[in-house]
Amino acid sequence: MFRFVVRRVVQAVPLLVLISVLVFALIHAAPGGPLEMYLANPNVRPEDIERLRVALGLDRPITEQYLAWLKGFIVGEWGYSFTDGRPVLERLLERLPATLELIASAVLVAALAALPLGVFGALKKGGWLDHTTTVVSFAGISLPVFWVGLLLQLVFAVALGWLPSSGRASFGDGDLTDRLSHVIMPAIVLAAVHAAAWSRFLRSSMGTAVQQRFILAARARGIHERRVVWRHALQNALLPFVTVLMMDAAIMVTGAVITESVFAWPGLGSLFTEALARRDYTVLMAFLMMTSAAVVFLNLAADVLYHILDPRVSVR
Amino acid sequence: MKRSQDRRAAWTAGAVLLLLAVTAAAAPLLTPYVPDGIDLANRRAAPSFAHLFGTDELGRDVLTRTLFGARISLVIGLLAAAVTAVVGVTIGAVSGYVRGWIDNALMRLTDAMLSVPRLPLLMIAAAIFEPSVPALIILIGLAGWMETARIVRAEFLSLKEQTYVDAARAVGMQPVRIVVRHLLPGAAPAAVVAATLAVGRAIMLESAMSFFGVGIQPPQPSLGNMLYQAQTSMSTEPWLAFFPGMFIFLTVLTVYVVGADLGARELR
Amino acid sequence: MTEVRRCVWFLATALIAAAGWVACGSDVGAAGPSNDLLIVGYDREPDLLNRFSTHILEDIHSCVIEGLTTTDENMNVIPVLATEVPTLTNGGVRLRADGGMDVIWKLRPNVAWHDGTPFTAADVKFTVEALNDPNYNPESTDGFDRIESVDTPDSLTAIVHYREIYAPYAIQFFRGTFPKHVLEGRDIDRAIDYNRNPLGTGPYRVAEWKTGEYILLERVPNYWRGTEYPKIRRLMFKFVANTNTRINQLRSGEVHVVALVPWDKAREVRETEGITLHRLVGNSYEHVTLNQREFAPFRDVRVRQALVHAIDRELIVNTILDGLAPVIHGPIQPPSWAFTDEVRHYPYDPGRASELLDAAGWRDADGDGIRERDGRPLSFTLITQAGYAIRENVAQTLQRQFRDVGVAMQIRMIDGTAISSLWFEGKFQAMLHWWHMPSDPEITLFFAKDRIPPAGRNINYIENDSLTALLYASDRTVDVDERRSLLWEAQRLLAELVPEIPLYNVTRLDAVPVNLLNFRGNPTNTGIFWNVHEWEIR
């Protein structure tokens, strides 16, 4: 077990280096750089731009810049933001809680929606409920996120006035109710995409579980149907479900880019859009490396979890 | 009896999808207007007999733009899915057949591409290239080949172990022939399902990229950029967002339902 | 089956109950604007609050840090921390025999930094030296690099010695000064404490900066204008980048003020109860830059004149802009003291446009609807910044109107940063955009022939000797009347040359509560908060 984990971690290192090369090249290939934002100010002259370019090291060859970045990244010196001069790590960490809060809420909403949809779908395959859940779950992935987001705002915030239109909390941090009322719309929007996939997944793995021998045996022994479904079949289907959940949670950071922008959610997604608009190279690199690493390690964790929970799967 | 009932949803979805596609393809025959026919005297007109879906900020007919936009979006969806399929199948096939260090290198690249968040990657990439229809097709297509590659590789690995492949090899069949005759047909159903789902995803990605202004350029309409432009007037002229939104919804929904049905049959 | 049904009902009930609980429990109607708290919906989070280092508009900064002068709603320069604006007449400006000049700033007595340290001429001197120090990287050193030295004969007098005559001297210190006692001997680029929470002399100080969410300002207890100022206790700047979301927040009462409402959002804001739209003709103008270097046909003045005649600007303004911004005819805007409208106008006249193009040798010989000359079609690409619905609509209308006189134009939307690098290097054919114009009418940077990139912003690549001479002469003239007549002549010449196509004034729309007193707005990049100390909710 230990050797398995060590091997996977070691394998992740070259993977992350490869990712960093890809991402670094791409970011620097995009036209414009961190200095262009200054040009909006009429007082900024070409001589100012040249002075800043040299001062910030942007005049050096790209490979040199990459190696300098890589060296810094490994020893934990992630550099300073081109935008506000603060350490990059500080900028990312202060945004992390908001994104985690949004993703956790979205995972919860999506799981709560996917569970009944998936279970009932599996139990009554081909029935009206199954068809309905299929259509409902696909509807979730068939609507553009920003469109749904703005529509929800117009209905629940502007027209009805039930929920705040955006932001994370009212001024003064708000109590639990206040925070819930802020997170509910973005969480639903972010969850919609994954609820569909998850309910499909659960439906098929429940379907498989229900057919399995020990479930048939349980039925044969006369155990109540409700107990068979909820205790035995679901428990079996939940294991792969949880691993999918973990892997998708990392991917949600991507979905959060749009959701956070529409709902003015102060998380990593809005930091990314802002950093991309200003070509804040150090922040962009750190963001992309952090999210990629999160995907890599959550995948790894999902594998490990799978091995721990399901002894039938061999560690090799 | 049971089986035909099972597939009712898929047949309905397929029929709706076909209808949408035919309507979009026949757009020039169905509408008296042109998609960039500006009429500033007749802006923001609500739906009426003259303009069934109303007019937009520049007085252009929304029905016409929706149909022409759907054409572009469908073309992007289909061709990007084709790019995804070709790249994915090639990489998966090479990886699964050749094995060794090439397999290793290709799979690490796949892992790397899968780990980087897709939309941010596309947003950066779209800033590099001029956003034209071909560029978007290639970009969106290249952002999604990884799943297909993995599926095809897995299929290849399991098919290669089977006796008829061994037999083919034993009688001295060329590797290329083995791949084309025996392995690819075996992996095809799974790849088709993946490609179907890729169509829906490509249409959604185009609209997401339009949200950040890096999608199809005006005056050419796409469903994505129409929705993006309609954002500002969602509460004053809701029809501008409603019709293209419904078109995307129906298209992607039906594509997914059909794809899921194909996938379910494949699993049996 | 009953099992399934029961579960569905249970879940549905639970969801509705949860939604109801959240909806009832939350106090969304949010408190309206009051003298306790005014919430401003702001389009972006500032990078820094150091006015010399930031590269965004300084609205928030200007509530904390005051300049020696500022500009008011009519673009007059008015004193703030100075007792008066130095001029030739009042003896505050002296022209030296060596071609340089001295500006004598008299500082207001009894002004203290928020920590109680007196504000003195030493701070002015320190600021100039800090900005000219190669180890500090301010956004711009414009003007400061022409200063030779600063003398401080007493604690309330700073004499600034310029190497040459510098006409915009009066707004040299509108960004205020650094507190010497805080920043002396420090690396200002890395002085995060100051850059995030600067020490100022203004009516407010930073109480809290919650990154990604808001900056909260609170009034200072002993403001130098008197303890009755400022009237509003707390000011919150809430960051909402998405324009539609920002307007939605205004409509639902979650924010009270939104500056720079886009014209196509005006209808929605007007319907909002308790909110009024404050309209002010601005100091910027939307225009089409015609790059003569990249697209040679623009070098012919007849082609440029034809393009202006081809556009129905009144129609564009009255439809797409809902009549909210006026058509203009040149780069200097109505609020400026140097503005004149007595220049050549180019009314909408497609017939005249066709004649001019014919005369210039551009004819549609092959009947495809596009004119050509020597076998090359009159076809160019217009770039403009993505993300602005109005601009996209204007660009598409221009495309149509040019097409009507046989000129082909393609449109390309480009993100803000990429477009900056394109124009900075002059790599485009035509561009639809506007500049933030400084309150001083110094337009040399945009039209002088030696100011083409990389030496300036003459991205029309217009090279005209008399225009260049006029502009430089005006920059080196301190006397206002004399400078005005030079600039009038420059404007008349610009209207003849039409190096670019002027479209309309960037008229400001600011949404504020109806019961907000003393809101006056501001047409320049000074921002609307220049008189925030007087603001009061009735």
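Since every read-out is calculated from the coordinates, none of them should be taken as a lab result. None of these values were measured; they are calculated from a predicted model. We place every Cβ from the backbone using ideal geometry, glycine too, and count neighbours over all the protein chains shown.
Can you spot the aspartates and glutamates whose alpha carbon is less than 18 Å from B:K160's alpha carbon? Ignore those fewer than 8 places along the same chain.
Those aspartates and glutamates meeting the cut-off are B:D103.
Kindly work out what percent of the DSSP beta bridges joining two residues of the protein assembly as shown are antiparallel, to the nearest 5. The partial results should precede the final answer.
Details: 55 of 73 bridges.
The antiparallel fraction comes to roughly 75 percent.
For a quick check: sort A:V54, C:V40, A:V145, B:V179 by the number of other beta carbons within 10 angstrom, fewest at the front.
Details: A:V54 12, C:V40 22, A:V145 25, B:V179 19.
Lowest count first: A:V54, B:V179, C:V40, A:V145.
Report the label-to-label distance for C:N76 and C:R225 in nanometres (one decimal), using points 7 Å from each Cα along the Cα→Cβ vector.
1.6 nm
What nm value, rounded to one decimal, do you get for the distance between A:L300 and C:S466 when each label is placed 7 Å out toward the C-beta?
7.4 nm
Taking 0.36 nm per residue of separation and subtracting the Cα-Cα distance, what length does fully extending B:R99 through B:F49 add? Working shown, then result.
On the way: separation 50, 0.36 × 50 = 18.00 nm, distance 6.29 nm.
Working it through step by step, the gained length comes to 11.7 nm.
Taking amide hydrogens as modeled 1.01 Å from N in the peptide plane, which residues meet the under 5 Å criterion relative to C:E536, leaving out close sequence neighbours?
Excluding prolines and chain starts, which carry no amide H, the hits are C:L517.
Counting helices only, and only those DSSP H runs with n ≥ 4, report the 222 nm mean residue ellipticity of chain A as the sum of -39,500 (n - 2.57) divided by its residues, in deg cm²/dmol to the nearest 500.
Working: 11 runs with 221 residues, N = 316.
So the calculated ellipticity at 222 nm is -24000 deg cm²/dmol.
Please identify the DSSP H helices in chain C that span no less than 18 Å along the helix axis (Cα) and have a mean Kyte-Doolittle hydropathy of 0.0 or more.
Qualifying helices, which must be both long enough and hydrophobic enough, are C:2-25.
Exposure proxy check: A:W265, B:W101, C:W530 ranked by fewest other beta carbons within 10 Å?
Details: A:W265 27, B:W101 8, C:W530 24.
Ascending number of Cβ neighbours within 10 Å: B:W101, C:W530, A:W265.
Going by a ≥ b ≥ c, the root eigenvalues of the Cα gyration tensor, does chain C fall in the rounded group (a/c under 1.5), the prolate group (a/b larger than b/c) or the oblate group? The partial results should precede the final answer.
Numbers: a/c = 2.08, a/b = 1.08, b/c = 1.93.
Because a/c hits 1.5 or more and a/b fails to exceed b/c, chain C counts as oblate.
Excluding same-chain residues fewer than 8 positions from C:K180, which lysines have a Cα within less than 25 Å of its Cα?
In chain and number order, the partners are C:K106, C:K125.
Applying the Karplus parametrisation 6.51 cos²θ - 1.76 cosθ + 1.60 with θ = phi - 60° to the phi angles of the stretch A:184-191, what ³J(HN,Hα) value in whole Hz is obtained for each residue in order, glycine and proline being reported as x?
Whole-Hz 3J(HN,Hα) from phi for the stretch A:184-191: 5, 5, x, 5, 5, 4, 5, 6.
What is the sum of charges around B:T84, taking Lys and Arg as +1, Asp and Glu as -1, for the other residues whose C-beta is under 9 Å from the C-beta of B:T84? Present the calculation step by step, with values, prior to reporting the outcome.
On the way: positive: B:R201; negative: B:E147.
Taking every Cβ under 9 Å from that of B:T84, the sum is 0.
When a/c is below 1.5 the answer is rounded, else prolate if a/b is larger than b/c, else oblate, so apply that to chain B with a ≥ b ≥ c taken from the square roots of the Cα gyration tensor eigenvalues. Could the numbers behind the result be given before it?
Numbers: a/c = 3.03, a/b = 1.92, b/c = 1.58.
Prolate is the answer for chain B, as a/c is 1.5 or above and a/b outweighs b/c.
Can you tell me the dipole magnitude for the stretch C:76-200 around its Cα centre, using point charges on the Cβ only (Lys, Arg +1; Asp, Glu -1), in Debye to the nearest 20?
Details: 12 positive and 18 negative charges, 61 e Å.
Dipole size: approximately 300 debye.
How high is the FRET efficiency between C:R344 and C:N132 when r is their beta carbon distance and R₀ equals 51 Å, given to the nearest 0.05? Could you put the intermediate results ahead of the total?
Numbers: r = 43 Å, r/R0 = 0.84.
Approximately 0.75, to the nearest 0.05.
For the stretch C:85-148, divide the Cα radius of gyration by the Kirkwood radius and give the resulting Rg/Rh value with two decimals. Intermediate values should be presented prior to the final figure.
Working: Rg = 14.4 Å, Rh = 14.0 Å.
Reported Rg/Rh (Cα atoms, Kirkwood Rh): 1.03.
Whose amide H sits under 5 Å from the amide H of C:T276, counting only residues 5 or more places off or on another chain, with H placed in the peptide plane?
Long-range HN contacts for C:T276: C:V512, C:V514.
For the stretch C:287-417, what proportion of DSSP beta bridges, expressed in % and rounded to the nearest 5, is antiparallel?
Details: 3 of 10 bridges.
Counting only bridges with both partners in the stretch C:287-417, antiparallel ones make up about 30 percent.
When the expected Rg is taken as 2.2 N^0.38 Å, what fraction or multiple of it is the alpha-carbon Rg of the stretch A:1-127? Before the final figure, lay out each step's value.
On the way: Rg = 22.8 Å, N = 127, 2.2 N^0.38 = 13.9 Å.
Relative to the 2.2 N^0.38 Å estimate, the stretch A:1-127 comes out at 1.64.
Between C:D193 and C:D322, how high is the FRET efficiency from 1/(1 + (r/R0)^6) when r is the Cβ-Cβ distance and R₀ = 56 Å? Nearest 0.05. Kindly include the intermediate steps, with their values, before the conclusion.
Details: r = 46 Å, r/R0 = 0.82.
The computed FRET efficiency comes out at 0.75.
For the stretch B:104-194, state which GluC sites (Glu not before Pro) are in a DSSP loop and have at most 10 other beta carbons lying within 10 Å of their beta carbon. Provide the component values of the computation, followed by the final result.
Working: sites: B:E147, B:E155, B:E161; in loops: B:E161.
Answer in residue order: B:E161.
Add +1 for every Lys or Arg and -1 for every Asp or Glu among the other residues with Cβ under 15 Å from the Cβ of C:T120, and state the total.
Numbers: positive: C:K106, C:R108, C:K125, C:K180; negative: C:E66, C:D115, C:D123, C:E129, C:D151, C:D154, C:E184.
It works out to a net charge of -3.
Just the number: Rg to Rh for the protein assembly as shown, Cα atoms, Kirkwood Rh, two decimals.
0.99
Could you go through the stretch C:161-173 in sequence order and give the Karplus-derived ³J(HN,Hα) for each residue, using 6.51 cos²θ - 1.76 cosθ + 1.60 with θ = phi - 60°, rounded to whole Hz, and x for Gly and Pro?
9, 8, 6, 9, 6, 10, 5, x, 4, 5, 9, 4, 10
Once R0 is set to 56 Å, what does the formula 1/(1 + (r/R0)^6) return for the Cβ-Cβ distance between C:N515 and B:V171, expressed as a FRET efficiency to the nearest 0.05?
So, using R0 = 56 Å, E works out to roughly 0.05.
What's the extension gain from A:V155 to A:R7 if we count 0.36 nm per residue and subtract their Cα-Cα distance? Mind showing how you got there, number by number?
Details: separation 148, 0.36 × 148 = 53.28 nm, distance 5.17 nm.
Taking 0.36 nm per residue and subtracting the Cα distance, the gain is 48.1 nm.
Rank the residues B:W239, C:W113 as a footprinting-exposure proxy: fewest other Cβ atoms within 10 Å of their Cβ go first. Could the numbers behind the result be given before it?
On the way: B:W239 21, C:W113 18.
Ascending Cβ contact count within 10 Å gives the list C:W113, B:W239.
Amide H of C:H433: which non-local residues (sequence gap of 5 or more, or other chain) have their own amide H closer than 5 Å, using H built in the peptide plane?
For C:H433, the qualifying residues are C:H287, C:T289.
Taking the Cα centre of each part, how many Å lie between the stretch B:24-38 and the stretch C:369-398?
So the two Cα centres are separated by 22 Å.
Loop only per DSSP, at most 12 neighbouring Cβ atoms within 10 Å: give me the GluC sites (Glu not before Pro) in the stretch C:232-297, ordered by residue number.
Working: sites: C:E254, C:E268, C:E271, C:E273, C:E286, C:E294; in loops: C:E254, C:E271, C:E273, C:E294.
Passing sites in the stretch C:232-297 are C:E271, C:E273.
For helix B:118-128, what angle does its Cα long axis make with the longest principal axis of chain B, in degrees from 0 to 90 and rounded to 10?
Between helix and principal axis, roughly 70 degrees.
Please give the net charge around B:L184, taking every other residue with its beta carbon less than 15 angstrom from that of B:L184, where Lys and Arg add +1 and Asp and Glu add -1. Write down the numbers at each step before the final one.
Values: positive: B:R153, B:K160, B:R177, B:R181; negative: B:E155.
Combined, the nearby Lys, Arg, Asp and Glu give +3.
How many percent of DSSP beta bridges within chain C run antiparallel, rounded to 5? It would help to have the intermediate numbers written out before the result.
On the way: 53 of 71 bridges.
Among the beta bridges of chain C, antiparallel pairing accounts for roughly 75 percent.
Give the Cα extents of the stretch B:127-261 along the principal axes, in whole Å, largest first.
Its Cα atoms span 71, 35, 18 Å along the three principal axes.
Applying the Karplus parametrisation 6.51 cos²θ - 1.76 cosθ + 1.60 with θ = phi - 60° to the phi angles of the stretch C:268-275, what ³J(HN,Hα) value in whole Hz is obtained for each residue in order, glycine and proline being reported as x?
Values per residue, Gly and Pro as x: 5, 5, 4, 6, 7, 5, x, 10 Hz.
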